[in-house]
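Participant: Quick one: structure below, then a few questions.
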Amino acid sequence: MGWVTRESETAYENAWIRVREDRVTGPNGDEGIYGVVTMRHPAVFVVAVDDDERVCLVTIDRYTVGMTTEIPAGGSDGEDPLVAAQRELLEETGYAADAWTPLGRMNALNGIAEAPEHVFLARGLRPVSSAHEAAESQAEEGIEAVSWVPFPEVLAMIGRGGITDGETIAAIAKAGIALGRFH
């Protein structure tokens, strides 16, 4: 027997998320309440790798966890995921890419959320914003720094806890597999 939803009620919603409370019967027959966060639009994650095999990372001040190191990412805002990924890379880094490879879909926080995510590998990178334009856009996003880190060092950062964002870690794994970095 799987999960059975007996009743569902929206507890809160805004332009980005909806939170609902479901009265459920679990696989073991017990009744309970389950809270679920539903993202209005899928998120996008960009693993941007330059010609020197460095990964673009942003250091960003997140309301929920404070300073964190991540790959460029954001909401799709109802756009096609590739268009959204291209926009996020430009907004967060000032760079565009000539080659885009979809790496697949992921789901965040499966235990409490309906949060689909699309991951892209971006290659053929080139700056398209002036330093001033990029700095303004990054300030709006809460980005403190953009850095280019060799792929092996990104893995080391994950290993020692310097990168803790789960979606970034999963997207790096997808990119590593696509690039033949894991054997």
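Participant: Using the charge dipole of the range 1-86 (Lys, Arg: +1 at Cβ; Asp, Glu: -1 at Cβ; taken about the Cα centre), state which of N14, G26, F45 has its Cα farthest towards the positive end.
Facilitator: G26
Participant: Rolling a 1.4 Å sphere over the protein heavy atoms, what is the accessible area per residue of the range 64-183, to the nearest Å²?
Facilitator: Result: 50 Å² per residue.
Participant: Subtracting the Cα-Cα distance from 0.36 nm times the residue separation, let me have the gained length for E153 to H183 in nm, one decimal.
Facilitator: The span from E153 to H183 would gain 9.1 nm if fully extended.
Participant: Can you tell me the dipole magnitude for the range 89-143 around its Cα centre, using point charges on the Cβ only (Lys, Arg +1; Asp, Glu -1), in Debye to the nearest 20?
Facilitator: 340
Participant: E53 to E21: extension gain in nm, 0.36 nm per residue of separation minus the Cα-Cα distance?
Facilitator: 7.0 nm
Participant: In the chain, if the dipole is taken from +1 on Lys/Arg beta carbons and -1 on Asp/Glu beta carbons about the Cα centre, which of V128, G75, F151 is farthest to the positive end?
Facilitator: Comparing the listed Cα positions along the dipole, F151 ranks first.
Participant: Per-residue counts of other Cβ atoms within 10 Å, averaged by peptide: what ranking do you get for 67-76, 107-116, highest first?
Facilitator: Final packing ranking: 67-76, 107-116.
Participant: Restricting to Cα pairs below 8 Å that are 6+ residues apart, what does the relative contact order work out to for the chain? Please round to a whole percent.
Facilitator: Normalised by residue count, the contact order of the chain is 22 percent.
Participant: To the nearest 10 square angstrom, what accessible area does H41 show with a 1.4 Å probe?
Facilitator: Near enough 80 Å² of accessible area.
Participant: Quick one: accessible area per residue over the range 1-62, 1.4 Å probe, rounded to a whole number of Å²?
Facilitator: Ligands and nucleic acids excluded, the result is 59 Å² per residue.
Participant: Follow-up. Report the extension gain between R62 and E79 in nm, rounded to one decimal, defined as 0.36 nm multiplied by the number of residues separating them, less their alpha carbon distance.
Facilitator: On the way: separation 17, 0.36 × 17 = 6.12 nm, distance 2.32 nm.
Using 0.36 nm per residue and subtracting the Cα-Cα distance, I get 3.8 nm.
Participant: For the chain, what is the calculated [θ] at 222 nm in deg cm²/dmol (nearest 500), taking -39500 (n - 2.57) for each run of four or more DSSP H residues and dividing by its residue count? Intermediate results must be reported in sequence, preceding the final value.
Facilitator: Details: 4 runs with 46 residues, N = 183.
That comes out to -7500 deg cm²/dmol.
Participant: Filter the trypsin sites (Lys or Arg not before Pro) in the range 94-183 down to the DSSP loop ones having no more than 12 other Cβ atoms within 10 Å, then list what survives.
Facilitator: Here the sparse-neighbourhood loop sites are R160.
Participant: Taking all protein chains in place and a 1.4 Å probe, what share, in percent, of the accessible surface of the range 8-90 do carbon and sulfur account for?
Facilitator: Solvent-exposed carbon and sulfur of the range 8-90 make up 51 percent of the total.
The values are calculated or read from the model by the stated rules, or taken from the named source; none is laboratory data. Just so we're clear, the structure is a prediction, and the values are computed from it rather than from any experiment. As a convention, Cβ positions derive from the backbone with ideal geometry for all residues, glycine included, and neighbour counts pool all protein chains shown. SASA here: full protein model, heavy atoms, side chains in, ligands and nucleic acids out. Shrake-Rupley method; radii C 1.70, N 1.55, O 1.52, S 1.80 Å.
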